[in-house]
2 protein chains.
Amino acid sequence: MSQMLQIHDQLREMILSLDLGPGERLTERWLESRFEGSRTPIRAALVRLEGEELVRRDGRNWIVAPIDLGELEALAEFRIPLETTAVRLACARASAADIAAVEEMLDACQSGAPREEWHRVGTDFHVEIARLSGNPFIVKAIKGAMTRLSRARWLEVWTEPSREQAWREHRRILGFIKANDPEAAAREAADHITDTRDRLLRSLNEDRRGLRARGFAVIGLR
Amino acid sequence: MSQMLQIHDQLREMILSLDLGPGERLTERWLESRFEGSRTPIRAALVRLEGEELVRRDGRNWIVAPIDLGELEALAEFRIPLETTAVRLACARASAADIAAVEEMLDACQSGAPREEWHRVGTDFHVEIARLSGNPFIVKAIKGAMTRLSRARWLEVWTEPSREQAWREHRRILGFIKANDPEAAAREAADHITDTRDRLLRSLNEDRRGLRARGFAVIGLR
DNA sequence: TATCCCAGTTTGGTATCCCAAACAAGGCTA
DNA sequence: TAGCCTTGTTTGGGATACCAAACTGGGATA
């Protein structure tokens, strides 16, 4: 794989895992020494990440895209029509094997699994459901939305009951798809998105102090 | 503005106006002489355009993204839930002034206007409607979808009646938003997307020969 | 002491250089 | 003559050189 893509992937991972703080400045020279490559591939990776809105220009400088918690509502509003459409289409189009594969993914994440695992599966579930719709544009949009959500979800303080509930909701959505009940699946999906958004906002609000202590600007959080 | 952005915008325009044929190969050296800049900003522009999926890699080479007419259905399927949501939200949120601005845009495009004008307004209308929703994610998604559609729309053979009908449908959607009738607006928007897709597909099917003559691969057209 | 200014440094933007891989054409061989 | 190999050319990937603008810090000045 080209050096540029390696740098892109590593940098992307560092950003999404909050290894690099939101709003943090990135100088090309620092990245040069960090990744032991010249500025050419580094610039290409930055331009690419800019397209994914994980990195942004601030005047002439590069910065890690800040987290704007104010967009959480808009994000849910965006996801609901897309994901309800996705589950409806999934009912009509998904094969039993495809559905089983998603079910397996859920099963593979047991309650003892590390937090990274829960985080990843919690994101991938929605992307995989979108994939069942067979519509590549829906998949791409959901993937982007979940990426956008990803860092805020790392900040969430996960309690065992809330995690359990999200889990049940995932299972219910999948169950309705399996039972070929598109309207119930759509209702469940919409409710799940709303519930998840509320849980996230509540958690972040209760933890404002903790967020500040960890150096995260809580812009946009009402 | 930086040279890179200039090159990006020009190249983007050339691609969207079919000045550069879909599938055509782009060599960095040719672009270098064409834009009288060095390869550094050109490569940055290409990476950026790759993110917008207007340019693509073909092995090590760069090519203009081919038009895949097969994605027209999926594109309509993607737009319907988003645009129906957009008009519903617009009813709740858009100010009279914002609505009037869109109306003015439609008025400004009289029947004697050049085709470029019709093409542009026909795209911008949907983006502006999305903007009335107040949801930036919807705006961005619709903008992307309309970009994706743009080149196929250039290939369409526009008849006066079909253009008139699209026009009436735009007015009707806006009318229902103005009258604050979200469900009627949503129904109208969905119908419009379906109708437009059908008109486009019919036109392209009837003109397969013409497309081939103009050197466009008609991949994906059923 | 507060403010302004200027030189030195750092940064991103651009141009150019080098290289290895892909490609193409021509000639050699079976 | 058909297929293969060789070799010269072109290409994109990466490294480096150079520049102008932005920033920084320290010292002169009011």
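The values are calculated or read from the model by the stated rules, or taken from the named source; none is laboratory data. Predicted, not measured: the structure shown is a model, and the values here were computed from it. Heads up, the Cβs are rebuilt from the backbone with ideal geometry, glycines too, and the neighbour counts pull from every protein chain shown. Calculation scope for accessible area: heavy atoms of the full protein, side chains included, ligands and nucleic acids excluded. Shrake-Rupley method; radii C 1.70, N 1.55, O 1.52, S 1.80 Å.
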(request) Using only Cα atoms, tell me the angle between helix A:160-178 and the longest principal axis of chain A; keep it within 0 to 90° and round to the nearest 10. (result) 60 degrees
(message) Under 8 Å for C-alpha pairs, at least 6 residues apart: give me the relative contact order for chain A, rounded to a whole percent.
(response) 24 percent
(message) As I understand it, the value is the acute angle between the Cα axis of helix A:72-93 and the longest principal axis of the Cα atoms of chain A; what does it come to in degrees, rounded to 10?
(response) 50 degrees
(message) Can you tell me the orientation of helix B:136-155 relative to chain B, as the angle in degrees between its alpha-carbon axis and the longest Cα principal axis, to the nearest 10?
(response) 70 degrees
(message) Explain nothing, just compute: Karplus ³J(HN,Hα) = 6.51 cos²θ - 1.76 cosθ + 1.60, θ = phi - 60°, for every residue of the stretch A:2-7 in order, whole Hz, x for Gly and Pro.
(response) 5, 4, 4, 5, 4, 4
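Within the protein assembly as shown, how many Lys pairs sit with Cα atoms under 25 Å apart, leaving out pairs fewer than 8 places apart on the same chain?
8
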(message) What does the copy distance list look like for A:P161, label position 7 Å along Cα→Cβ, in nm and ordered from shortest?
(response) 6.5
(message) Just to confirm the numbers: A:E52, label point 7 angstrom along the Cα-Cβ line, distances to the other copies in nm, shortest first?
(response) 2.0
(request) Using the Karplus curve 6.51 cos²θ - 1.76 cosθ + 1.60 with θ = phi - 60°, work out ³J(HN,Hα) for each residue of the stretch B:185-198 in order, rounded to whole Hz, and write x for Gly and Pro. (result) 4, 5, 4, 5, 5, 4, 4, 4, 5, 4, 4, 4, 4, 4
(request) Between the alpha-carbon centers of the stretch B:1-69 and the stretch B:143-197, tell me the distance in whole angstrom. (result) 30 Å
(message) Taking the square root of 5 times each eigenvalue of the Cα gyration tensor, what semi-axes in Å does the equivalent ellipsoid of the stretch B:3-64 have, largest first?
(response) 15, 13, 11
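So how much slack lies between A:D191 and A:M14, counting 0.36 nm per residue of separation and subtracting their Cα-Cα distance, in nm?
Using 0.36 nm per residue and subtracting the Cα-Cα distance, I get 60.5 nm.
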(request) Take every Cα pair under 8 Å in the stretch B:100-222 that's 6+ residues apart, average their separations, divide by the length, and report that relative contact order as a whole percent. (result) 19 percent
(request) Under 1.5 on a/c is rounded, so check that first for the stretch B:19-113, then, if it is not, pick prolate when a/b is larger than b/c and oblate when it is not; a ≥ b ≥ c are the square roots of the alpha carbon gyration tensor eigenvalues. (result) prolate
(message) If amide hydrogens are placed 1.01 Å from N in the peptide plane, which non-local residues have theirs closer than 5 Å to the one on A:L26?
(response) A:W62, A:I63, A:V64
(message) Would you calculate the convex hull of the Cα atoms in the stretch A:74-139 and tell me its volume per residue in Å³?
(response) 86 Å³
(message) Whole-Hz ³J(HN,Hα) for each residue in the stretch B:59-67, computed from phi via Karplus 6.51 cos²θ - 1.76 cosθ + 1.60 with θ = phi - 60°, x for glycine and proline: what do you get?
(response) x, 8, 8, 9, 9, 5, 4, x, 8
(request) Could you work out the mean projected area of the convex hull around the alpha carbons of the protein assembly as shown, in square nanometres to one decimal? (result) 23.6 nm²
(request) Starting from the Cα-Cα distance between A:E24 and A:A101, subtract it from 0.36 nm times their residue separation and give me the gain in nm to one decimal. (result) 23.8 nm
(request) Between A:R39 and B:F35, take the C-beta separation as r, use R0 = 35 Å, and let me know the FRET efficiency to the nearest 0.05. (result) 0.95
(request) Identify the GluC sites (Glu not before Pro) of the stretch B:35-88 meeting these criteria: DSSP loop state and at most 16 other C-beta atoms within 10 Å of the C-beta. (result) B:E36, B:E52, B:E53
(message) For a quick check of your reading of the filter: which trypsin sites (Lys or Arg not before Pro) in the stretch B:56-165 sit in a DSSP loop and have no more than 16 other Cβ atoms within 10 Å?
(response) B:R60
(message) Amide H of A:V55 versus every other amide H placed in the peptide plane: which residues, excluding those fewer than 5 positions away on the same chain, fall under 5 Å?
(response) A:E50, A:A65
(message) For the stretch A:69-213, take every pair of Cα atoms, bin their distances at 5 Å starting from 0, and report each bin as a whole percent.
(response) 2, 10, 20, 23, 21, 13, 7, 2, 1, 0
(message) Using a loss threshold of 20 Å², tell me which positions in the stretch B:42-64 are less accessible in the complex than in their chain alone. Probe radius 1.4 Å, ligands and nucleic acids ignored.
(response) B:R43, B:A44, B:V47, B:R48, B:E50, B:E53
(request) May I ask you to report, in nm to one decimal and beginning with the shortest, the distances from B:R29 to the same position in the other copies, taking label points 7 Å along Cα-to-Cβ? (result) 3.5
